Amino acid sequence: MTVPFATSARSSVGVEWEIMLADGQSGDLVPRAPDVLATLEEKSALERHTITGELLTNTIEVTSGIGDTVAAVVDDIADAIADVREVTDPLGVELLCAGSHPFAQWYDQQVTDKTRYHKLIERTQWWGRNMMIWGIHVHVGVDDVDKVFPIIGALSGYMPHLQALSASSPFWAGERTGYASNRALVFQQLPTAGLPWPLDDWSQYEGYLTDMQRTGVMEDATEVRWDIRPAPRWGTIEVRACDGMSTLPELAAVASMVQVLVEHFSRELDEGRELPRLQPWFVRENKWRAARYGTDARIIVDRDGTQRPVDEHLRETIEALLPVAEELHCAREFAGVGRILDEGPSSSRQLLVADAADGDLHAVVQHLIREFRAGPTLRDHLASLGG
């Protein structure tokens, strides 16, 4: 089959953020998305941002418009959140985001009444019903379809970096998992999810889609749920590997990292240089290590098998790519990557709060609610717990 790749502005950017709805007192998830969306539908019709539902009725997704800069799309997201709060605050509903909810149970949740979601649950059964996961998606425009799969291949080498920075799911259904990103390993259980196949060019991708359609695996390209995938409709590469970010500044930091990497690799191709590409077995191992250890992971950084601490390699990457960030006018947001490394990702902060609260995961939820409102406030929250 032929799949057209839309025209998009080079290194333009867009962001999607999946957000939980929780009761302000108990911290448990509440199925209020239909109520919230019904109120917001007319108001948001003329905005750059969109506010939509997701698989579960405890979730809304806010999406930016297409921006030239990360700052522009973050402004869109902030506007969307403000609109949502006008509805949720009077209802006593709080907003929070992480890769997983610390204690909610899958059997208490309701599936959004849409045919595509019911079909997904019917097919995937227990694993589908357990998809209590939240993430972010970052789109970056690519100016030539021939660049798409070389860039995806190179980005796969930086997937553990992005996964470690965003890790925010150390708890699952009330249990401490031992993983910084339990979401990363849960999500890959869905058909067509997980690591991208190491394809060389667009024609191989079209062949893949043909095979998947004629065997009934999927209906169209939107059902490709890889950690990094092409988005043909938008003319972008979409990074989906990240856990849900707990704060807007951290969302901006990770979005800038993705934008800078894509532009850097695009420039390398313009200069006729071949992009680096790790062996698929190294990519798989790196994903597991980042999910398990977060920013404490040691990852494989080249085809020779050289291993480096991911935080150390990230700092070197930040320094090397700062000129690209400056040219993309996202240096301020890009500096946020270093702040995540300095202060620890959400997974580390959640674990500290749980320890200070003698394992009380309700305290972790309240911490996430506070962070979503005000940005990282771990020190203040620990003080309120006597930690």
Checked THR39, THR52 against criteria (touching a residue at least 40 places away in the same chain (Cβ under 8 Å) and farther than 17 Å from GLU250 by Cα); the one match is THR39
For the stretch 229-324, give me every one of the strands (runs of 3 or more DSSP E) that falls completely inside it and has 1 or more residues that are surrounded by 15 or more Cβ atoms within 10 Å (Cβ to Cβ), within 14 Å of the chain's Cα centre (by Cα) and of a type in the set (Asp, Glu). 236-239
Could you check, for the stretch 325-338, whether at least one of its residues is in contact with a Ser or Thr (Cβ under 7 Å, 6 or more places away or on another chain), β-branched (Val, Ile, Thr) and modelled with pLDDT of 95 or more? no
Note on the stretch 72-110: residues open to solvent by less than 50 Å² (accessible area, probe 1.4 Å) and hydroxyl-bearing (Ser, Thr, Tyr) are THR88, SER100
Scan the stretch 150-208 for residues that are basic (Lys, Arg) and open to solvent by 40 Å² or more (accessible area, probe 1.4 Å) and jot them down. ARG176
Testing ASP358 on (1) loosely packed, with under 14 Cβ neighbours inside 10 Å; (2) assigned to a loop (DSSP other than H, G, I, E, B); (3) in contact (Cβ under 8 Å) with a residue 24 or more places away in the chain, one condition comes back false. Which one is that? (3)
For the stretch 209-228, give me the residue count where each residue is surrounded by fewer than 19 Cβ atoms within 10 Å (Cβ to Cβ), in contact (Cβ under 8 Å) with a residue 24 or more places away in the chain and outside any helix (DSSP H, G or I). 3
Restricting the first residue to the stretch 247-270 and requiring it to be more than 20 Å from GLU16 (Cα to Cα), which pairs with a second residue that is acidic (Asp, Glu) and part of a helix (DSSP H, G or I) meet a Cβ separation below 9 Å and a spacing of at least six or different chains? LEU269/ASP146
Could you please let me know if ARG370 is out of contact with any Leu (no Cβ under 7 Å at 6 or more places or on another chain), at pLDDT 95 or above, open to solvent by 30 Å² or more (accessible area, probe 1.4 Å) and in a helix (DSSP H, G or I)? yes
Could you list, in sequence order, the residues of the stretch 328-354 that are in contact (Cβ under 8 Å) with a residue 12 or more places away in the chain and either among the charged types (D, E, K, R) or touching a His at 6+ places or on another chain (Cβ under 8 Å) (or both)? ARG332, GLU333, ARG339, GLU343, ARG349, GLN350, VAL353
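The values are calculated or read from the model by the stated rules, or taken from the named source; none is laboratory data. Keep in mind the model is a prediction, meaning the values are calculated, not measured. Using ideal geometry, Cβ is built from the backbone for each residue, glycine included, and neighbour counts are taken over all protein chains shown. Note: areas computed on protein heavy atoms with side chains; ligands, DNA, RNA excluded. Shrake-Rupley method; radii C 1.70, N 1.55, O 1.52, S 1.80 Å.
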